[in-house]
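Participant: Take this structure first; my questions come after.
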2 protein chains.
Amino acid sequence: MTRAELVSQIKQKRSFLCVGLDTDLSKIPVHLLETEDPIFEFNKAIVEATLPYCVAYKPNFAFFEAMGERGMKALRKTMELIPSTHFTIADAKRGDIGNTSERYAAAYFNDFNFDSVTVAPYMGSDSVKPFMKSDGKWTILLALTSNPGADDFEQLPLANGKKLYEQVVDTAKTWGTPEQLMFVVGATRVEALKALRERAPEYFFLIPGVGAQGGDLKSVALAAMNKDCGMLVNASRSILYASSGEDFASKAAAEARLMQEEMSVLLTQHGL
Amino acid sequence: MTRAELVSQIKQKRSFLCVGLDTDLSKIPVHLLETEDPIFEFNKAIVEATLPYCVAYKPNFAFFEAMGERGMKALRKTMELIPSTHFTIADAKRGDIGNTSERYAAAYFNDFNFDSVTVAPYMGSDSVKPFMKSDGKWTILLALTSNPGADDFEQLPLANGKKLYEQVVDTAKTWGTPEQLMFVVGATRVEALKALRERAPEYFFLIPGVGAQGGDLKSVALAAMNKDCGMLVNASRSILYASSGEDFASKAAAEARLMQEEMSVLLTQHGL
């Protein structure tokens, strides 16, 4: 999906919501466990319920890998039912030497047909650039994450006066354009979001941490929305597990709709 | 596998060789492509041929993931044929927020029964610590990698005078003991290897980059061997693809044996 198509979807749907598919067998409604493929049945119900309210889906690979081959098979089936109107993110946080990153890129972009993949910056250019070779395919680079451990390295002050995550953004901007590169910035870091928006005015941010991790949608939008919206806000647990009963899909839809309605207001306030 | 068991295997086998299973369908001998499961048949032949000469195997997940469910199935079957005398490394370079890293840890340690997993440090403590909860299971943290991109971030000077990878080692030492934590240090960085050995005298290093990437075994051993050996040297392509013909397994064995013999001399010279 190109940047123009993504922006157009955001404007049409009045939403910049990404639904994170962190599908967890120990949390999904028990009645699904009796079906042949509970992982897929859960994803299918969630996707069908939330389609009108979101512009993106982000399966987290850890959850599917932890379930072995049946997890990966369920992920593949899930990908097949997400329409091309929705941006898809392989949340895999990969990063390896060049020839290995090329393998991952092939797996996610060609084999699974994802629009984008999350990538860790630590190993540098040749671990990141292989993900930026195809038109309409995106690299989403970790910059400042929402977890407490972000203080350990991401926020370290460098000798040049920048923090590590700021240098990651500055360096990565020389590798990829706003048509192929986004940054992950946690919703729990509003001041940093604001500063990063100045540092990278055109780039999309993928923003996790609204909801279960405590970030606030309005302050995030105030800090980081740009003239094209320029942000995807992810919610996972708050939507997926809004109910543990048979009404889980309708409760998920209600939760997603609530966020979409708030997003619609924020877009309007921003002249979008 | 405990540290004492690993050291004992190194002394018995007179080897600190790790064979990296970067199994690539476009590189394996063509006659194997006619078998029902070429990925597994190749791995099986390589493992059987190299068992006497190495102490560890390191499947690189990118190669198996890129082949989808059949890749992961072949990886599982490969793991079943590696005996418990050999240390196993899931080269996955994972790292995600706490609850997600726990999923990965469960997948590699319990489900696949790996002894260890490679982890990226960028997201900090809560992305790394979930891998350090079980006895005899290891975290192998990226410190200074062998690829050119290591210059982009890993080698950045910090405000405190250290380089980022030195800080990663110093901080991670407070998270895990030499019984549960190793560091990845590339063979192409001999001076840094020497300095890191002083910084972390007791810790094992996993050293890639000997062979195809140009590192030299003797200088690496001089720089980083400690009183327990304290190092695993990985070779992948130079062993796996020593021949593209029907003799690939015997050529792989010969290549591994050559390295083992050189390692035996180095161990003796070091009084081990």
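Here's the yes/no breakdown for (1) under 20 Å from B:Pro121 (Cβ atoms); (2) among the basic types (Lys, Arg); (3) touching a strand residue (DSSP E or B) at 6+ places or on another chain (Cβ under 6 Å); (4) surrounded by fewer than 22 Cβ atoms within 10 Å (Cβ to Cβ):
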site	(1), (2), (3), (4)
B:Asp170	yes, no, no, yes
B:Leu181	yes, no, yes, no
B:Val185	yes, no, yes, no
B:Leu217	no, no, yes, yes
B:Asn234	yes, no, yes, no
B:Val265	no, no, no, yes
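Participant: Select from segment A:125-138 the residues that are in contact with a helix residue (DSSP H, G or I) (Cβ under 6 Å, 6 or more places away or on another chain) and crowded, with 24+ Cβ neighbours inside 10 Å and list them in ascending order.
Facilitator: A:Ser127, A:Phe131, listed by residue number.
Participant: Every residue in segment A:110-155 that is under 19 Å from A:Phe87 (Cα atoms), aliphatic (A, V, I, L, M) and not in a strand (DSSP E or B), please.
Facilitator: Correct list: A:Met132 only.
Participant: Any chance you could count how many residues in segment A:36-46 are closer than 16 Å to A:Met67 by Cα and surrounded by fewer than 18 Cβ atoms within 10 Å (Cβ to Cβ)?
Facilitator: Total satisfying the criteria: 2.
Participant: Among the residues of segment A:156-174 satisfying the criterion of being within 9 Å of chain B (Cβ to nearest Cβ) and in a loop (DSSP other than H, G, I, E, B), which is nearest to B:Val168 (Cα to Cα)?
Facilitator: Checking each candidate, the answer is A:Leu156.
Participant: Here is a further query. Report yes if some residue within segment A:14-21 is under 19 Å from the mean Cα position of the chain (by Cα), buried (at least 24 other Cβ atoms within 10 Å of the Cβ) and β-branched (Val, Ile, Thr); otherwise report no.
Facilitator: Yes, some residue in segment A:14-21 is under 19 Å from the mean Cα position of the chain (by Cα), buried (at least 24 other Cβ atoms within 10 Å of the Cβ) and β-branched (Val, Ile, Thr).
So that you can scan it fast, the table gives a plain yes or no per residue for (1) of a type in the set (Asp, Glu); (2) out of contact with any His (no Cβ under 9 Å at 6 or more places or on another chain); (3) under 19 Å from B:Gly209 (Cβ atoms):
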residue	(1), (2), (3)
B:Gln167	no, yes, no
B:Gly176	no, yes, no
B:Glu179	yes, yes, no
B:Met182	no, yes, yes
B:Thr188	no, yes, yes
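Participant: Looking only at segment B:110-129, count how many residues are more than 8 Å from chain A (Cβ to nearest Cβ) and touching a strand residue (DSSP E or B) at 6+ places or on another chain (Cβ under 6 Å).
Facilitator: Number satisfying all stated conditions: 6.
Participant: Here's another thing I want to ask about it. When you check B:Thr145 against the structure, is it touching a residue at least 24 places away in the same chain (Cβ under 8 Å), over 16 Å from A:Asp126 (Cβ atoms) and either at the interface with chain A (Cβ under 7 Å from one of its Cβ atoms) or surrounded by 22 or more Cβ atoms within 10 Å (Cβ to Cβ) (or both), yes or no?
Facilitator: So B:Thr145 fails the test.
Participant: Do we have A:Tyr122 as surrounded by 24 or more Cβ atoms within 10 Å (Cβ to Cβ) and modelled with pLDDT under 95 here?
Facilitator: So A:Tyr122 fails the test.
Participant: Across segment B:132-142, what is the number of residues that are in contact with a Gly (Cβ under 9 Å, 6 or more places away or on another chain) and either at the interface with chain A (Cβ under 7 Å from one of its Cβ atoms) or modelled with pLDDT of 95 or more (or both)?
Facilitator: Selection size over segment B:132-142: 4.
Participant: May I ask you to list pairs of residues, at least six apart or on different chains, whose Cβ atoms are under 7 Å apart, with the first in segment B:151-177 being closer than 18 Å to B:Tyr203 by Cα and at pLDDT 95 or above and the second being polar (S, T, N, Q) and surrounded by fewer than 17 Cβ atoms within 10 Å (Cβ to Cβ)?
Facilitator: These pairs meet every condition: B:Tyr165/B:Gln155.
Participant: For segment B:97-111, does any single residue satisfy the condition of being touching a Leu at 6+ places or on another chain (Cβ under 9 Å) and crowded, with 20+ Cβ neighbours inside 10 Å?
Facilitator: Scanning segment B:97-111 turns up no residue that is touching a Leu at 6+ places or on another chain (Cβ under 9 Å) and crowded, with 20+ Cβ neighbours inside 10 Å.
The values are calculated or read from the model by the stated rules, or taken from the named source; none is laboratory data. What you see is a predicted model; the values in this text were computed from it and never measured. Here the Cβ is made from the backbone with ideal geometry for all residues, glycine too, and neighbour counts use every protein chain on show.
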